[in-house]
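Structure first, then comments.
Quick note: the coordinates plus some simple rules give every number you see, no bench work behind them. All of these numbers come straight from a predicted model, not from anything done at the bench. Don't worry about glycine lacking a Cβ; one is built from the backbone with ideal geometry, like all the others, and counts go over all protein chains shown.
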Amino acid sequence: MRNGRNVLCQRVLDIQGSTSMSELRAATRQSTARTGIIAFEGARGTVSVPCTISDVSGTGARLKLDWSLAFPTEATLIFADGLRKACRVAWQKRRLLGIAFADGVASADEQVLMMTEAEQALHRQHIGAQVRGAREARGYTGIEIANLLGVSPEFVSRAESGETSIPLHQLTHIADLLLVDLKKLVAGPASVGPPRLSDVELVAE
């Protein structure tokens, strides 16, 4: 019965199709089943724990550890291709760990290495939805923001729909214009908070 419920839950996640915020958050929680190592400095030297990288955003990742232990606030995530990212532990629930990258938003080149094409698309959609929500909350139209940024209204429309990436310097400008924290625009669900009970059931043994 448990396995059947897990399969059903996964199918529900798989068929998410629209770009509403709740659905984007659900989609980015889908497992990518990649392996890596999360390492930190212990009392007797470096401790390296194998892990499964359940999902990655531009600002963090969600991990499942091979064994359960308490983590310090700072660690390093090592991807299978050798990429190393300093990170801070945002939350932990038993063998599930949420991390945020210490240097903020990963560069475009790092995102290519860390994320699948589908994850990159979801990340663009997440940022675009955050920008659109912040813009509408401040009462700006897409054309007004385009004029303030010095870009075309078409670019704003494509960026908010996730069809194109927004360069970091423009995201910083947008955050200043809309009086919001840059981290609020770019933070992925993996580094925001712990999973819901239903998500724990999907990955628990």
Ordering 54-65, 167-178 by per-residue average of other C-beta atoms within 10 angstrom, highest first, gives 54-65, 167-178
When only DSSP loop residues count, what trypsin sites (Lys or Arg not before Pro) in region 93-168 have their Cβ near at most 12 other Cβ atoms within 10 Å?
-> ARG94
Hey, can you grab everything whose amide H is under 5 Å from the amide H of ALA90? Only 5+ residues off in sequence or another chain; H modelled, so Pro and N-termini drop out.
-> GLY98, ILE99, ALA100
In nanometres, the difference between 0.36 nm per residue of separation and the alpha-carbon distance of SER157 and THR172 is 3.6 nm
Report the local net charge at ALA61: Lys and Arg +1, Asp and Glu -1, summed over other residues whose C-beta lies under 11 Å from its C-beta.
-> +2
Pulled fully out, how much extra length does the chain show between LYS93 and THR35, if you take 0.36 nm times their separation in residues and subtract their Cα-Cα distance?
-> 19.0 nm
Each label sits 7 Å from Cα toward the beta-carbon; between LEU113 and LYS183 the label points are separated, in nm, by 2.4 nm
Gain on full stretching of the segment that runs from THR164 to LEU148 - 0.36 nm per residue minus C-alpha separation | 3.9 nm
